[in-house]
Amino acid sequence: MGRGSAIVLLVCFLVLHSEMARAATYTVGGRGGWTFNTVAWPNGKRFRTGDTLVFNYSPSAHNVVVVDKVGYDSCTTPRGAKVYRSGKDQIRLVRGQNYFICNYVGHCQSGMKIAVNAA
């Protein structure tokens with residue numbers, strides 16, 4: 001490998017490392033975890049692309065579903081939606097709006113949903 005290639009690799013590593021260093025981890029709902037009435041939890045927080053949301057909950061009582069705006073607004077799970085069930089899910093934010101609901105009957109309607117905008 002020539003000197004120019006080594007410099008390019010070093011620059012790529014430094015850029016990637018700085019992006020990773022800026023990524024933050026947020027526990028959804030704080031100490032209470034992913035539960036009812038979390039819809040306002042994102043308020044006042046600044047999220048960035050690559051930040052990680054940690055959803056802590058009892059897997060026998062809840063889940064986390066990644067939905068689109070229609071699914072979020074209507075509390076419905078679109079066909080093919082990603083459903084998490086571990087009780088300790090870690091989900092990396094993508095640029096723009098990120099929507100999450102619990103699709104157990106009545107849970108989303110009771111405020112168990114969040115919308116997060118990542119810059």
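Every number here is computed from the coordinates shown, using simple stated rules; none is lab data. These numbers come from a predicted model, not from an experiment. Ideal geometry is used to build each Cβ from the backbone, glycine not excepted, and the neighbour counts take in all protein chains shown.
A few notes on this one:
- Sorted on the mean count of surrounding Cβ atoms within 10 Å across their residues, most packed first, peptides 77-87, 57-67, 28-38 read 57-67, 28-38, 77-87.
- Cα shape, the range 48-89, gyration tensor, a/c 1.5 rule: oblate
- Cα coordinate range in the range 24-118, projected on the principal axes (Å, largest first): 31, 27, 21
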